[in-house]
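To keep things clear, I will list the structure first and then write my remarks on it.
The values are calculated or read from the model by the stated rules, or taken from the named source; none is laboratory data. On a predicted model such as this, the values are computed, not experimentally measured, just so you know. Backbone-built Cβ (ideal geometry, glycine too); neighbour counts: all protein chains shown. Please note that ligands, DNA and RNA were not included when accessible areas were found on the heavy atoms of the full protein model with its side chains. Shrake-Rupley method; radii C 1.70, N 1.55, O 1.52, S 1.80 Å.
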Amino acid sequence: MKTIGIIGGGQLGRMLAMAAARLNFRTVILEPQPDCPAAQAANAQIVSAYDDSRGLDELARTADLITYEFENVPVAAAERLAASRPVFPPPKALEVAQDRLVEKRFINGCGIATAGFHAVDSQADLEAALADFDGSGVLKTRRLGYDGKGQRVFRSGKDDPSGAFAALGGVPLILESFVAFEREISIIAARSPDGATACFDPAENVHRNGILHTSTVPASVPASTAEAARKAAAAILEALGYVGVIGVEFFVLADGSVVANEIAPRVHNSGHWTEAACVVSQFEQHIRAIAGLPLGDASRHSDCVMQNLIGDEIAELPALLGEPNVLVHLYGKAEARAGRKMGHFTRLS
Ligand code: AMP
């Protein structure tokens with residue numbers, strides 16, 4: 001039996017481990033936090049920092065191939081592992097996804113539209129960039145932002161940028177032009193080592209407090225919009241020589257055109273609906289892709305809405321378990337802290 005190493009111990013790693021087990025793979029998780037959500041569903045855990053060479057070498061000894069469940073895996077760690085084991089998705093995907101400026105340039109290089117953007121390395125840069133966007137825009141840290149953290153929105157004539165560069169930590173930033181989108185959608189797509197691709201239907205995503213709240217499928221977009229998003233995702237997979245599942249988030253404009261927001265080189269929260277509404281979920285699809293197995297059919301047998309259970313929303317559990325056509329998935333987290341993803345459910349319709 002082959003062993004898949006997974007860097008990162010959160011719920012995405014947990015769901016990958018569960019999918020891997022069904023296809024006769026063992027899994028080992030590399031994660032500093034003992035008894036993490038992923039380790040509860042895996043065969044073993046290496047308790048180690050992501051950049052600790054001893055932990056990484058043990059992972060390389062134990063696993064036949066290696067993947068990851070979050071995009072901030074140190075690139076040097078992925079490259080160290082790649083010297084002795086296949087690492088999928090390729091470390092290049094991490095490099096692109098870890099820095100919003102590199103990511104935007106890469107996406108544009110694939111012929112795909114993004115928001116306008118300027119690198120911001122000082123307060124003066126910020127003021128010049130805002131002037132170029134008529135005083136409005138979204139200021140983001142280039143690295144390590146997630147769920148709306150490390151961001152600030154400026155509306156023309158309303159928000160004063162004074163001190164904003166320092167307030168975001170004096171780190172490299174990017175100012176994006178404000179996209180007046182009608183809705184947000186995402187595509188979950190997979191590519192196998194032989195270049196075959198499969199793409200799930202786009203989901204329409206609604207965020208609350210910067211955290212994904214619901215993903216609804218089908219998205220209320222015309223077929224041409226869905227097709228444009230699929231094509232963009234396929235171009236990104238190709239350009240990265242990608243292997244595995246990727247998530248690509250888009251803004252949809254009033255004219256139906258799409259603007260790419262960001263890429264996640266991993267399984268994605270907005271793809272959790274696939275475990276209930278498709279025969280092969282995004283998690284199994286990822287395991288198939290990295291293991292060189294045939295990709296599964298990505299078509300959908302039901303319409304559905306996936307909703308995250310954040311913090312004490314976990315109290316809705318008994319009612320959800322009593323409902324027909326609802327699949328609940330919990331993440332094994334002991335404490336229901338505010339803003340923490342505790343689980344999700346998908347309601348088929
Ligand atoms: P992100 O961390 O880039 O996914 O941004 C989080 C959320 O902020 C997105 O899902 C959008 O709702 C909003 N947002 C981000 N960038 C922009 C932008 N350039 N224009 C308008 N809204 C944005």
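What to note about this one:
- Residue list for the range 82-99, filter: charged (D, E, K, R) and open to solvent by 20 Å² or more (accessible area, probe 1.4 Å): Arg85, Lys92, Glu95
- The residues listed here are Ala189, Ala164, Ala180; of these, the one that is touching a residue at least 12 places away in the same chain (Cβ under 8 Å), more than 9 Å from the ligand (Cβ to nearest atom) and either open to solvent by 30 Å² or more (accessible area, probe 1.4 Å) or not assigned by TED's automatic domain parsing to the domain that holds Thr214 (or both) is Ala164.
- Number of residues in the range 268-285 that are over 11 Å from Ala189 (Cβ atoms), more than 16 Å from the ligand (Cβ to nearest atom) and not hydroxyl-bearing (Ser, Thr, Tyr): the value is 10.
- Test for Thr67: is it open to solvent by less than 30 Å² (accessible area, probe 1.4 Å) and of a type in the set (Ser, Thr, Tyr): yes
- Verdict on Asp134 being within 14 Å of the ligand (Cβ to nearest atom), open to solvent by 60 Å² or more (accessible area, probe 1.4 Å) and touching a residue at least 12 places away in the same chain (Cβ under 8 Å): yes
Results for (1) at pLDDT below 95; (2) within 30 Å of Ala277 (Cβ to Cβ); (3) in a strand (DSSP E or B), shown as yes or no for each residue.
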residue	(1), (2), (3)
Ser156	yes, no, no
Phe165	no, no, no
Leu175	no, no, yes
Val179	no, yes, no
Ile187	no, yes, yes
Ala198	no, yes, yes
Asp201	no, yes, no
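- Checked against the criteria, Ala128 does not count as more than 14 Å from the ligand (Cβ to nearest atom) and touching a Leu at 6+ places or on another chain (Cβ under 7 Å).
- One residue from Ala219, Ala235, Ala254 being open to solvent by 10 Å² or more (accessible area, probe 1.4 Å), assigned to a helix (DSSP H, G or I) and under 24 Å from Thr114 (Cβ atoms): Ala235
- Check on Arg230, within 14 Å of the ligand (Cβ to nearest atom) and either open to solvent by 60 Å² or more (accessible area, probe 1.4 Å) or not assigned by TED's automatic domain parsing to the domain that holds Ile314 (or both): no
- Those residues of the range 13-47 which are buried (at least 23 other Cβ atoms within 10 Å of the Cβ) and basic (Lys, Arg), in sequence order: Arg14
- Inspection of the range 64-77 identifies no residue that is more than 17 Å from Asn269 (Cβ to Cβ), free of Cβ contacts under 8 Å to residues at least 24 places away in the same chain and not β-branched (Val, Ile, Thr).
- Residue, nearest to the ligand (Cβ to nearest atom), within the range 104-125, restricted to residues that are surrounded by fewer than 17 Cβ atoms within 10 Å (Cβ to Cβ) and among the charged types (D, E, K, R): Arg105
Every residue, every condition in (1) among the small types (Gly, Ala, Ser); (2) in contact with a Leu (Cβ under 6 Å, 6 or more places away or on another chain), yes or no:
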position: Glu249; (1), (2): no, no
position: Ala260; (1), (2): yes, no
position: Asn269; (1), (2): no, yes
position: Ala277; (1), (2): yes, no
position: Val280; (1), (2): no, no
position: Gln285; (1), (2): no, no
position: Leu293; (1), (2): no, no
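- Taking the criterion of being more than 10 Å from the ligand (Cβ to nearest atom), open to solvent by 20 Å² or more (accessible area, probe 1.4 Å) and under 24 Å from Ile174 (Cα atoms), the only residue of the range 238-251 that qualifies is Ala239.
- If you go through the range 192-212 and keep only what is crowded, with 20+ Cβ neighbours inside 10 Å and either among the small types (Gly, Ala, Ser) or within 16 Å of the ligand (Cβ to nearest atom) (or both), you end up with Ser192, Ala198, Pro202, Ala203, Asn205, Leu212.
- Considering the conditions (1) open to solvent by less than 70 Å² (accessible area, probe 1.4 Å); (2) near the ligand (Cβ under 10 Å from one of its atoms); (3) charged (D, E, K, R), Lys149 is excluded by exactly one of them, (1).
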